[in-house]
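These notes concern the structure reproduced below.
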Amino acid sequence: MLTIIKEKDTDLLLQRAARHLCQKLRDALAVHATVNIAVPGGRSVVKVFDTMRTESLDWNRVHFFIIDERLVPIDHPDSNFKLLRDHLITPLAREGGISPENAHPFILDTTVPDRGTLAYEDVLARLGFRYDIILLSSGEDGHVGALFPDHHSVTDPHHGFIVMDDSPKPPPERMSSSLSLMLTAQTGVLLITGEAKREAFRKFGDASMPVSACPARLLTCLKDAVVFTDHAQE
Ligand SMILES: O=C(O)[C@H](O)[C@@H](O)[C@H](O)[C@H](O)COP(=O)(O)O
């Protein structure tokens, strides 16, 4: 089921998204021993992390994966893992809320053609090779993770992590969860915030638009999906 939650105040909206995600984590922890959540980078996600870290739940049973990454080391300012670590994992770990090992980074390996994605697949395989929950934040063009509209990334049949050196949005070198891996999640949360995403929100709401033309629409394929937006309904 898809629900759209609208709130004009973006900060309030992102706080609501964070609390919703934490409730979904609690619900999943009630039926699973451990839960896998995959998260992206971006400005909106940082605000979600900042609220999530104030929520109380059994964080030690939650495993974090990075849904997409720029091909940079984990301490690089452009690293999505660094955002997760700095804004959520380290503050939680400081209070003993989570073991830092529960946050699984994609480790770039420039010596192999797969760039380290096979090793990252091994880590996910040890935890069931599935996501339970995904957090996505739409780009201006409707991309999510590093699945871009009308680009080979979104139609790649690989089930796992993919790499590219021709991302339409710079930097060109990125890795992403493939579409089929994202679709292993039962639960999805999508953020569409800011004036620059007006066209993305319109495309998201267009039922005739295939996922290949608007990757954010992959959310409509999940069992339990919520969009958080500061846009008025078109
Ligand atoms: O890797 C990137 O180029 C960005 O991180 C990008 O994919 C971002 O996640 C979305 O564009 C949403 O970004 P905001 O939440 O910052 O609007």
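Considering region 59-78, the residues that are open to solvent by less than 30 Å² (accessible area, probe 1.4 Å) and within 10 Å of the ligand (Cβ to nearest atom) include one that is farthest from residue 28 (Cα to Cα), namely 69. Note on region 35-49: residues that are β-branched (Val, Ile, Thr), more than 23 Å from residue 171 (Cα to Cα) and in contact with a strand residue (DSSP E or B) (Cβ under 6 Å, 6 or more places away or on another chain) amount to 2.
Scanning region 136-163 for residues that are closer than 16 Å to residue 106 by Cβ and of a type outside the set (Phe, Trp, Tyr), we see that the one that is nearest to the chain's Cα centre (by Cα) is 145. Across region 181-199, the qualifying residues are those that are open to solvent by 10 Å² or more (accessible area, probe 1.4 Å) and closer than 27 Å to residue 26 by Cβ, and the one among them that is farthest from the ligand (Cβ to nearest atom) is 186. Regarding residue 176, is this residue modelled with pLDDT of 95 or more, near the ligand (Cβ under 10 Å from one of its atoms) and either buried (at least 17 other Cβ atoms within 10 Å of the Cβ) or of a type in the set (D, E, K, R) (or both)? So residue 176 passes the test. The single condition among (1) touching a helix residue (DSSP H, G or I) at 6+ places or on another chain (Cβ under 6 Å); (2) in contact (Cβ under 8 Å) with a residue 60 or more places away in the chain; (3) open to solvent by 60 Å² or more (accessible area, probe 1.4 Å) that residue 130 does not meet is (1).
For region 98-116, indicate whether the set of residues that are open to solvent by less than 50 Å² (accessible area, probe 1.4 Å), under 15 Å from the mean Cα position of the chain (by Cα), over 24 Å from residue 23 (Cβ atoms) and at pLDDT 95 or above is non-empty. Yes, some residue in region 98-116 is open to solvent by less than 50 Å² (accessible area, probe 1.4 Å), under 15 Å from the mean Cα position of the chain (by Cα), over 24 Å from residue 23 (Cβ atoms) and at pLDDT 95 or above. Among the criteria (1) within 16 Å of the ligand (Cβ to nearest atom); (2) buried (at least 16 other Cβ atoms within 10 Å of the Cβ), the one residue 168 does not fulfil is (2). In the condition set (1) touching a residue at least 12 places away in the same chain (Cβ under 8 Å); (2) open to solvent by 10 Å² or more (accessible area, probe 1.4 Å), residue 229 is compliant with all but (2). For region 8-32, enumerate the residues that are in contact (Cβ under 8 Å) with a residue 40 or more places away in the chain, open to solvent by 10 Å² or more (accessible area, probe 1.4 Å) and more than 19 Å from residue 185 (Cβ to Cβ). Of everything in region 8-32, those that are in contact (Cβ under 8 Å) with a residue 40 or more places away in the chain, open to solvent by 10 Å² or more (accessible area, probe 1.4 Å) and more than 19 Å from residue 185 (Cβ to Cβ) turn out to be 8, 9, 10, 16. In a helix (DSSP H, G or I) and either modelled with pLDDT of 95 or more or open to solvent by 50 Å² or more (accessible area, probe 1.4 Å) (or both), is that true of residue 140? Criteria not met by residue 140. For the criterion of being free of Cβ contacts under 8 Å to residues at least 40 places away in the same chain and under 21 Å from residue 84 (Cα atoms), residue 95 passes. Taking region 52-99 as the range and being hydrophobic (A, V, I, L, M, F, W, C) and in contact with a Leu (Cβ under 9 Å, 6 or more places away or on another chain) as the test, the residues that pass are 52, 57, 59, 62, 64, 65, 66, 67, 71, 72, 74, 98. Counting just the residues of region 43-58 that are among the hydrophobic types (A, V, I, L, M, F, W, C) and more than 12 Å from the ligand (Cβ to nearest atom), which one comes out least open to solvent (accessible area, probe 1.4 Å)? Here the answer is 52.
The values are calculated or read from the model by the stated rules, or taken from the named source; none is laboratory data. Keep in mind that this is a model prediction, so the values were computed, not measured. In this analysis, Cβ positions are derived from the backbone assuming ideal geometry, glycine residues included, and neighbour counts consider all displayed protein chains. For accessibility, only protein heavy atoms count, side chains too; no ligands or nucleic acids. Shrake-Rupley method; radii C 1.70, N 1.55, O 1.52, S 1.80 Å.
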